[in-house]
1. Keeping to segment B:342-369, report how many residues are among the basic types (Lys, Arg) and free of Cβ contacts under 8 Å to residues at least 24 places away in the same chain.
2. In segment A:383-399, what count of residues is obtained for those that are crowded, with 18+ Cβ neighbours inside 10 Å and under 18 Å from the mean Cα position of the chain (by Cα)?
3. I need the full set of residues from segment B:19-75 which are part of a loop (DSSP other than H, G, I, E, B) and either among the basic types (Lys, Arg) or farther than 29 Å from B:Gln163 by Cα (or both), in order please.
4. If I ask for residues that are touching a Phe, Trp or Tyr at 6+ places or on another chain (Cβ under 8 Å) and on the phi > 0 side of the Ramachandran plot, which ones from segment B:202-227 would you list?
5. Tell me the helices (runs of 4 or more DSSP H) entirely within segment B:313-397 that contain at least 1 residues that are within 14 Å of chain A (Cβ to nearest Cβ) and surrounded by 18 or more Cβ atoms within 10 Å (Cβ to Cβ).
6. Could you please give the count of residues in segment B:278-306 that are more than 21 Å from B:Gly335 (Cβ to Cβ) and either in a strand (DSSP E or B) or acidic (Asp, Glu) (or both)?
7. Within segment A:105-144, take every residue that is among the small types (Gly, Ala, Ser) and part of a strand (DSSP E or B) and give me the one that is surrounded by the most Cβ atoms within 10 Å (Cβ to Cβ).
8. Of everything in segment A:375-398, what is out of contact with any Gly (no Cβ under 7 Å at 6 or more places or on another chain) and of a type in the set (D, E, K, R)? Give them in sequence order.
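The values are calculated or read from the model by the stated rules, or taken from the named source; none is laboratory data. Keep in mind it's a predicted model, so treat the numbers as computed, not measured. All Cβ positions, glycine included, derive from the backbone under ideal geometry; neighbour counts span all protein chains shown.
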Amino acid sequence: MIAPIKKQKLVSDSSLLPPCWLRRGPTSDDTGQRQGRLQRIGPDHAAHSCLVDAVDNAEEVVIASTFLLADLALTESLLNAVARGVRVYLLTASDTQVAKVVREDEQFDARMVEEHKRLLDRLAGRVLLRSAEHFHAKFLVADPGSAPSGWLSTANFNLALKKSVELLVELTPAEADCAADWFSWAFWNEADKELLEKGRLAAVKLPPTRPKAPRSNALLVTTTEHQMLRAEVLRLIREAKTELLVSSYGMAADHDLVLAMAEKARSGVPVVVYTRPRPAVVPAVKLLRDAGATILAHDKLHAKAIWSDAGALVMSANLERHGMDQSFEMGVALGSKDAADLKRLLLEWKESFPWSFELSAPIQSHLGEICLSDQGLRSGRRDVIEEHTVAAAPVVAEDALLLDRAPEPQLPAAPADLFAHRVRYEWEVQPPKLPRNAKEKLRQVEVPHSGKGSSKKPTKREVSFEPRLYRHGGQTYVMLEELGSADAARILADKQGGKVVIR
Amino acid sequence: MITLERNIEIRAFDVEATIAVGRERPEFLAIAQLASQWNRPLSGEDVTRELLGNLPKQVGWRVVDRCIALGLLEREGPRGPARLSEAGRAALETGQVLVPEEGTWRIYLADDPLLEPRLIHVQRFVSPDARHERQGLRSPSHSRQLDQGAEHKTPGPIGQAAQTGQVWSSYATGQPFQVRTVTGKGVFASKDKLQITVDWAPEASPELFLRGKLELPAGTGGKWCNIDRTLPPTAPLTSMSYDDLWKRLLAEGSGVRSNVIDHWCKYSGRLVLPVLFEQCVSDKERREMRREVAVPALSFDALGSFDASTLAGVEMIPINDEDAEDWLHWFQWDGVKDYAIPEQLRELGRLLRERFPHHAPQPLEPEDMLIKAVENPESAVARFLLAPSDLGLWRKP
């Protein structure tokens with residue numbers, strides 16, 4: 001009998017992708033290499049060890065500043081230091097600020113808030129801890145004044161020290177002393193609360209005397225009264241001539257520094273921006289990409305650094321108001337050798353970072369994973385594939401013996417979040433069937449009398465057509481009962497002006 | 001402030017007597033008032049004319065005679081006008097007239113060095129008539145004493161009171177009373193205890209208080225009579241100085257020799273207790289430089305014995321320069337209540353040094369205090385010194 005036939009159609013997609021991150025390669029951890037004073041985060045946890053070792057080797061004083069503290073080993077080190085008579089001073093963001101940021105920022109696990117509180121409870125009464133909403137700088141100094149050493153970190157003192165893409169810079173003695181001075185400034189002038197004992201925070205009173213702001217410019221800071229870090233970053237951007245490389249976890253589209261970067265990109269200077277593919281940075285990266293900057297991203301990037309022809313620095317501040325204008329942040333300007341190391345590192349990242357941002361890439365230009373920019377990595381991952389097959393609704397042919405001539409069905413639109421270079425539509429063409437209430441049309445034939453020598457006229461009888469013919473709704477149907485009568489059905493249908501159907 | 005207390009014994013003696021007791025008798029006080037205003041002897045005519053609405057003058061003379069009988073007026077001869085007596089003057093002051101009552105009385109006597117030998121209260125046996133009162137005197141308890149030949153000779157102070165005519169004031173009611181006559185014998189009733197208290201503030205006179213209750217004779221309408229009186233200090237107290245008594249008590253309580261106490265009191269010009277710093281065991285004592293000194297029960301020749309007492313707020317003074325310095329250093333450490341810088345610590349040391357005007361202690365330098373803080377990191381004070389030092393506030397500009 002007549003079987004349905006399959007038909008298909010290929011449609012090439014020439015549309016553009018929405019603003020999104022395009023997968024350039026696999027996401028892999030950073031190398032953990034040490035390049036001069038720069039320490040990267042890697043599988044060997046060398047960066048984490050740098051901080052722990054600094055605490056373990058301290059003889060008199062340890063000072064540390066971090067947005068949040070959620071690293072057990074470092075906490076144990078601090079407690080051990082206290083036990084051997086070392087005074088430990090800590091600055092962290094306030095509990096409420098930590099809770100707020102952890103809730104809103106995908107880089108943090110919600111459990112970190114509890115860990116932060118739990119570790120502070122352990123430290124309470126043993127170390128002197130002060131907090132304020134705007135404390136964000138991350139650094140650690142051992143024995144300032146006597147044998148200063150320390151690290152400036154872009155990583156908070158938590159799992160980021162082992163897992164994120166971050167940078168640590170080993171401080172020179174002068175920088176370490178300067179960091180300690182700025183710590184003192186923030187401790188006495190900018191802290192709101194002091195942890196007196198487990199769970200008991202007291203409002204900070206005025207200090208017995210106001211500390212002098214450090215005269216040394218070995219480090220650059222943002223405080224409520226200082227914006228030298230912002231000024232230096234702006235200078236580096238504006239004075240970039242051949243290339244500008246900027247890494248920042250956070251970026252605000254309306255911040256002067258971002259606008260300056262866009263301007264620089266528009267002027268023709270190659271600008272490469274490194275960030276993390278988060279919805280929060282999209283307005284800024286759209287602006288920068290539109291200006292011509294190359295936007296690269298890593299799932300775990302949190303480092304903040306800048307390299308230009310005019311210099312380089314590593315810092316704790318993001319390129320946004322809460323960082324460059326209002327927080328307590330710190331940056332270290334790198335000398336030429338360290339700057340070269342930073343450039344080399346950033347160029348390595350340029351090769352290895354797994355994502356690039358495009359405003360409207362043609363679908364045909366990318367194959368593989370993308371991340372919708374307005375959704376982020378948790379929910380925005382999609383794939384661009386070569387071909388996508390879409391099943392179209394079956395169509396019924398006009399005539400069972402003319403399936404090939406059946407018209408194309410209405411092709412459905414491809415799903416909006418499905419990205420493919422081409423779409424293959426497939427459908428089935430089915431033979432028509434005899435309507436249920438069709439009535440058979442018979443033909444008359446004369447039947448001669450069968451008796452010998454009969455002179456009677458033959459009688460008329462109604463018999464079926466072969467194949468059978470039916471009528472329904474003004475239409476004539478020839479029913480094909482078996483494939484062997486296809487020719488006869490064709491002839492009969494053509495003769496009767498009908499169509500061949502099956503039962 | 002000195003507070004000394006002891007219980008004293010009160011003897012109660014029941015005896016038949018005529019005792020004049022202060023009563024409110026305005027009609028007789030009016031006569032005394034007239035005599036006082038006129039300041040001359042009054043005649044019967046005076047009284048009639050001024051107070052009795054011109055009744056017959058004999059009535060006026062009978063009133064004068066009655067006033068003489070009550071002691072309000074006195075006359076020189078057997079008859080004639082009479083003038084205001086001392087008792088009459090006293091009656092005008094108290095507003096009460098001593099009205100003699102004959103009957104059975106319980107007279108309460110005190111015998112204590114701090115009190116004049118005296119009668120402190122009288123209480124008449126209340127009976128329908130004299131016969132019943134006499135029967136009361138021969139009540140079962142009294143009868144037993146009498147049967148046992150326990151009738152006592154009337155105590156001397158009572159007899160003397162009758163002879164001198166002294167007017168007393170009851171410590172219980174404040175009423176004046178005067179023993180006019182008393183029989184030679186009576187019966188001692190139960191003994192009562194009253195508490196006598198000496199309160200003596202520096203630069204003030206001592207105050208004497210008598211408190212407690214006296215048992216009343218049966219049938220007088222109550223069982224007890226409360227006493228709560230402030231008494232004038234007597235000679236044994238007024239002849240003693242506060243300082244001497246304080247030093248004696250302090251020596252007894254502290255164990256410090258009197259001559260050492262005397263020396264430092266003279267040297268400092270104040271009442272002080274010289275001590276070794278290490279003997280101050282509580283921070284409160286060290287901080288206030290004062291302590292309470294417990295004084296055991298002790299006896300004075302002139303004042304008698306007192307119960308154990310306490311000298312409160314005794315100022316202490318270091319017994320030598322070394323202790324003064326220890327104390328000053330302790331003060332400096334204790335005085336750090338917040339984050340501090342060297343200038344504040346030096347000023348604190350200078351101020352605290354003034355608490356030792358009789359010694360020459362040297363305050364700790366801030367650097368010395370810092371060393372101490374490093375050695376005692378657990379101390380709350382250590383944080384207030386180490387943090388500013390470690391975090392830049394001690395740095396010289």
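1. Result for segment B:342-369: 2.
2. Residues flagged as crowded, with 18+ Cβ neighbours inside 10 Å and under 18 Å from the mean Cα position of the chain (by Cα) within segment A:383-399 amount to 1.
3. The answer is B:Arg25, B:Arg40, B:Ser43, B:Leu52, B:Gly53, B:Asn54, B:Leu55, B:Pro56, B:Arg75.
4. Hits for segment B:202-227 are B:Glu203, B:Gly219.
5. In segment B:313-397, B:342-353, B:366-375, B:380-390 are the helices (runs of 4 or more DSSP H) which contain 1 or more residues that are within 14 Å of chain A (Cβ to nearest Cβ) and surrounded by 18 or more Cβ atoms within 10 Å (Cβ to Cβ).
6. 11
7. A:Ala142
8. Result: A:Arg378, A:Arg381, A:Arg382, A:Glu386, A:Glu387, A:Glu398.
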